[in-house]
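Here is the structure we will look at.
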Amino acid sequence: MSSSITRVRLKQIEELIAKGQRLDERGLRDYREIKIEQGLIERAEGSARVLLGKTEILVGVKVETGEPFPDTPNEGVQTVNAELVPIASPNFEPGPPDENSIELARVVDRGIRESKAIDTLKLCIEPGKKVFVVFVDVYVLNHDGNLIDASALAAMAALLNTKMPNYEIKDGELKIKQGYTPLPMKSHPITVTVGKINNSLIVDPGLEEEQVMDSRLSMAVNDDGNICAIQKGGSGYFTPQQILEASKIAQEKAAELRKKLEW
Amino acid sequence: MNEKPEKLIDKKGLRLDGRKADELRPLKLQVGVLPNADGSAYIEHGKNKILAAAFGPREMHPKHLAQADRMVLRCRYHMAPFSVQERKSPAPSRREVELSKVIKESLEPALFHELYPRTGVDVFVEVLQADGGTRCASITAAALAIADAGVPMRDLVVACAAGKVDDTIVLDLYDAEDKLGVADVPVAYMPSLNAVTLLQMDGILTPAEFEKAVNMAMDGCRKIYELQKEALKTKYMVVKEVEE
């Protein structure tokens, strides 16, 4: 571990933050530049690429048919998977998903699921037997910090870009017709991650800030400003006051980021 | 629970299991229950029955995971196949991997990692029976197991959830409320340091409801904290009697 290097960096980052500055000259509550590009994978029903500074995420959405869960026979199924692809960082290794990629996928999934962003009732083909399954695959192409916010944003952008095949049911058989309709969406959750470094709260931590920060709090905020998912990460803690401050920051920043999505 | 009852809270403000909104389930905590572990604890939180064992500080295996300047904490949260209604495969699920990670991160702020360089502490949590809120009960038990192993801690970590059921913010959701309720907010807390070490949420809450839920969960934590301290003391009181 390069602990001596990060300690020097920690001091530098802490001194800057005490002055309200950051390594890349952002303010404490500023996101890096965000670029969203939709529909670049023709084979996928929906796709989007998000650049958050140098962090780059590609999300592909595939829509297939499958069985509903027994407790929700009238609802389509949503699944999110995340791959920390080895091309994205020297610290990512090939192999089955580790706890970091599982956490990333589950945090992205929770934001979309709990805000009921996908109108799953409209994805039912035959109650209890056949529904549409929406596979959201998050592909991390370059890791420069804050994978959670970038992935959640890319997942939403890809879902808003997703087209479902038209279909009809003839003699109990599913027949795909010509043409497409957009995936039915009900809300637009935005996830905002607040990092804590030396008791200061910063938004959108970059890679080096992530290496020195105590802990993070990621909050998914819905169109109406309500909170729909939270995840604390990292080996530090938050005071109750910091949690309330982070929730205010998340609401403000989510409204700002939502304007970047088009629907 | 197959059919969703119309109301999860009755006219008198009581919940399906007869509790008031801010009432905890019955709790039983016991320390030093596993002879082969360096430290251990058993918790019954409502119908949750959970065992936690702590080993270490000890040599890390595999060795390359050891850190030159600090101790490493590892956690495994695991549910027994018979702990839930439909048999759960014993292989670790994605949920269990995530919970192992957040439980570890909820305990880490309590430890003095720099005191034991090159060593590891392993915490194993086995859920024997689940009834909602297992991650919280696991943290409460795991913290006791670590303390029982004699590892110095800044404070005990104690966890409890609050959430929203129908239109009411309630404390300590059990399985049916967790599944049929509106939102669930598990919180882990170090009461003496006023530090929140785990915070998750699913469901939808307004910012005001969220604040109320976090405060209610912390109040619940403070009550369980007293039981935790009592359980630790009880173990040593029993030993004393045997010696005499």
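Say whether the condition of being touching a residue at least 60 places away in the same chain (Cβ under 8 Å) and small (G, A, S) is met by at least one residue in region A:225-236.
Yes, there is a match, as at least one residue in region A:225-236 is touching a residue at least 60 places away in the same chain (Cβ under 8 Å) and small (G, A, S).
Please find, within region B:175-197, the residue that is nearest to the other protein chains (Cβ to nearest Cβ) out of those that are over 14 Å from B:F210 (Cβ atoms) and open to solvent by 30 Å² or more (accessible area, probe 1.4 Å).
This residue is B:N194.
Return the residue satisfying two criteria in turn: it lies in region B:40-83 and is among the aromatic types (F, W, Y) and out of contact with any helix residue (DSSP H, G or I) (no Cβ under 6 Å at 6 or more places or on another chain), and of such residues it is farthest from B:A130 (Cα to Cα).
B:F55
Quick check on this structure: which one of A:L121, A:L159, A:L104 is farther than 19 Å from A:V59 by Cα, outside any strand (DSSP E or B) and modelled with pLDDT of 95 or more?
It is A:L121.
Just to verify a result, which residue in region A:237-259, among those that are within 11 Å of chain B (Cβ to nearest Cβ), in contact (Cβ under 8 Å) with a residue 40 or more places away in the chain and open to solvent by less than 10 Å² (accessible area, probe 1.4 Å), is nearest to A:D30 (Cα to Cα)?
The extreme case among them is A:A250.
Condition check: basic (K, R), in contact (Cβ under 8 Å) with a residue 12 or more places away in the chain and assigned to a loop (DSSP other than H, G, I, E, B). Does A:R32 satisfy that?
Spelling it out, A:R32 is indeed basic (K, R), in contact (Cβ under 8 Å) with a residue 12 or more places away in the chain and assigned to a loop (DSSP other than H, G, I, E, B).
Within region B:15-32, how many residues turn out to be open to solvent by 50 Å² or more (accessible area, probe 1.4 Å), at pLDDT 95 or above and in a loop (DSSP other than H, G, I, E, B)?
Adding up the residues that qualify gives 4.
Looking at region B:140-197, what strands (runs of 3 or more DSSP E) fall wholly within it and have at least 3 residues that are free of Cβ contacts under 8 Å to residues at least 60 places away in the same chain?
In region B:140-197, the matching strands (runs of 3 or more DSSP E) lie at B:158-165, B:183-190.
From the list B:A208, B:A162, B:A143, B:A217, which one is within 12 Å of chain A (Cβ to nearest Cβ) and crowded, with 24+ Cβ neighbours inside 10 Å?
Going through B:A208, B:A162, B:A143, B:A217 in turn, just one is within 12 Å of chain A (Cβ to nearest Cβ) and crowded, with 24+ Cβ neighbours inside 10 Å: B:A217.
Being over 14 Å from A:L159 (Cβ atoms) and in a strand (DSSP E or B) is the filter here; which residues of region A:35-48 pass it?
A:K35, A:E37
Which ones in region A:5-29 are part of a helix (DSSP H, G or I) and open to solvent by 80 Å² or more (accessible area, probe 1.4 Å)?
Within region A:5-29, A:I5, A:R7, A:V8, A:K11, A:E15, A:A18 qualify.
Report, by residue number, each residue of region A:68-101 that is open to solvent by 60 Å² or more (accessible area, probe 1.4 Å), in a loop (DSSP other than H, G, I, E, B) and not acidic (D, E).
Scanning region A:68-101 gives A:F69, A:P70, A:N74, A:P90, A:N91, A:P94, A:P96, A:P97.
What's the number of the only condition in (1) within 14 Å of chain A (Cβ to nearest Cβ); (2) surrounded by fewer than 21 Cβ atoms within 10 Å (Cβ to Cβ); (3) part of a strand (DSSP E or B) that B:D122 fails to meet?
For B:D122, the failing item is (1).
Residues that are open to solvent by less than 10 Å² (accessible area, probe 1.4 Å), more than 9 Å from chain B (Cβ to nearest Cβ), charged (D, E, K, R) and closer than 29 Å to A:E56 by Cβ: does region A:187-196 have at least one?
yes
Six or more apart or on different chains, Cβ under 7 Å: which pairs go from a residue in region A:162-190 that's farther than 25 Å from B:G203 by Cα to one that's surrounded by fewer than 16 Cβ atoms within 10 Å (Cβ to Cβ) and aromatic (F, W, Y)? Could you list them?
Partner pairs satisfying both residue conditions: A:K163/A:Y180; A:M164/A:Y180; A:P165/A:Y180; A:N166/A:Y180; A:L174/A:Y167; A:K175/A:Y167; A:I176/A:Y167; A:K177/A:Y167.
Under the condition of being part of a strand (DSSP E or B) and among the charged types (D, E, K, R), which residue from region B:38-59 is surrounded by the fewest Cβ atoms within 10 Å (Cβ to Cβ)?
The residue in question is B:E59.
The values are calculated or read from the model by the stated rules, or taken from the named source; none is laboratory data. Quick caveat: nothing in here was measured; it's all calculated off a predicted structure. Heads up, the Cβs are rebuilt from the backbone with ideal geometry, glycines too, and the neighbour counts pull from every protein chain shown. The area values use the complete protein model at the heavy-atom level, side chains included, leaving out ligands, DNA and RNA. Shrake-Rupley method; radii C 1.70, N 1.55, O 1.52, S 1.80 Å.
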